[in-house]
């Protein structure tokens, strides 16, 4: 099968991946996804300038043992990030799921519960961030709400779904979300969670942009959605290939 798929298109590779997942041992699949999600959190956080050690990730996710109380905020942030990843996977698996502003805010509230006041939904930023990692022009605060409504309307419109490939839709939604940058904190993580929700919904694995691509990622966001889309396509291809390699390996061992 590997030989037959050499030179195959991304769509053919994804179809092969889906077939492997369908026949994989559930324990092997769960083990891979746990490792994948840990890598997801590591690289996604590194893009934001926060680098966790493997010990910190394992302690927060696997062990649940607090050896150093000064690390509690670190463990909490990792666990919140993992909860948001799980939420996105669960949403993608639902038979009926429509991306909406409340849904996006719910993902954000899971990612950053400290930003939610009482039971009120999280609020958009009211100021321009002074110290930030993203160097492209951001929407002024008074335009954030309007542009978020526009973005969701575009993502969910029949014309968009009919004329835009799912990978392109996910990439552009992520790009436009970061041009708005609706929240003072975690907008980057939320943009990539939204992107991966769309990809998962359409049968693709999550596209994980590696920490080594950090500078290239920021530059792409400054240039255009096409440049950003290219980087995301590369990340998606890497995810597809790494998952195929793992599942083919465990199937041969079995």
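The values are calculated or read from the model by the stated rules, or taken from the named source; none is laboratory data. Because the structure is predicted, anything quoted here is derived from the model rather than measured. Every residue, glycine among them, receives a Cβ derived from its backbone with ideal geometry; neighbour counts consider all protein chains shown.
Computed quantities for the displayed model
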| item | result |
| --- | --- |
| Only listed residue being free of Cβ contacts under 8 Å to residues at least 60 places away in the same chain and surrounded by fewer than 17 Cβ atoms within 10 Å (Cβ to Cβ), chosen from 37, 31 | 31 |
| Any hit, the stretch 51-58, residues being part of a loop (DSSP other than H, G, I, E, B), buried (at least 17 other Cβ atoms within 10 Å of the Cβ) and in contact (Cβ under 8 Å) with a residue 24 or more places away in the chain | yes |
| Exclusive hit being surrounded by fewer than 16 Cβ atoms within 10 Å (Cβ to Cβ) and outside any loop (DSSP other than H, G, I, E, B), set 176, 114 | 114 |
| Of all residues in the stretch 3-27 being under 21 Å from residue 234 (Cβ atoms) and exposed (fewer than 12 other Cβ atoms within 10 Å of the Cβ), the one that is modelled with the highest pLDDT | 9 |
| Close pairs from the stretch 66-77: first on the phi < 0 side of the Ramachandran plot and surrounded by 12 or more Cβ atoms within 10 Å (Cβ to Cβ), partner modelled with pLDDT of 90 or more and not in a helix (DSSP H, G or I), Cβ under 9 Å, at least 6 apart | 74/50; 74/52; 77/50; 77/52; 77/112 |
| Residue list for the stretch 143-157, filter: closer than 18 Å to residue 197 by Cβ and surrounded by 12 or more Cβ atoms within 10 Å (Cβ to Cβ) | 148, 151, 152, 154, 155, 156, 157 |
| Hey, residue 90 buried (at least 19 other Cβ atoms within 10 Å of the Cβ) and out of contact with any helix residue (DSSP H, G or I) (no Cβ under 7 Å at 6 or more places or on another chain) or not | no |
| Qualifying positions in the stretch 158-167 - part of a helix (DSSP H, G or I), without any contact (Cβ under 8 Å) to a residue 60 or more places away in the chain and surrounded by 12 or more Cβ atoms within 10 Å (Cβ to Cβ) | 160, 166 |
| Selected residue [without any contact (Cβ under 8 Å) to a residue 40 or more places away in the chain and either within 27 Å of residue 170 (Cβ to Cβ) or not in a helix (DSSP H, G or I) (or both)] from 97, 87 | 87 |
| Residue in the stretch 35-49 that is on the phi > 0 side of the Ramachandran plot, outside any helix (DSSP H, G or I) and out of contact with any strand residue (DSSP E or B) (no Cβ under 9 Å at 6 or more places or on another chain) present | yes |
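Here's the yes/no breakdown for (1) outside any loop (DSSP other than H, G, I, E, B); (2) under 12 Å from the mean Cα position of the chain (by Cα); (3) within 30 Å of residue 22 (Cα to Cα); (4) modelled with pLDDT of 95 or more:
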{"position": "143", "(1), (2), (3), (4)": "yes, no, no, yes"}
{"position": "149", "(1), (2), (3), (4)": "yes, no, no, yes"}
{"position": "152", "(1), (2), (3), (4)": "yes, no, no, yes"}
{"position": "169", "(1), (2), (3), (4)": "yes, no, yes, yes"}
{"position": "190", "(1), (2), (3), (4)": "yes, yes, yes, yes"}
{"position": "200", "(1), (2), (3), (4)": "yes, yes, yes, yes"}
{"position": "205", "(1), (2), (3), (4)": "no, yes, yes, yes"}
{"position": "222", "(1), (2), (3), (4)": "yes, no, no, no"}
{"position": "234", "(1), (2), (3), (4)": "yes, no, yes, yes"}
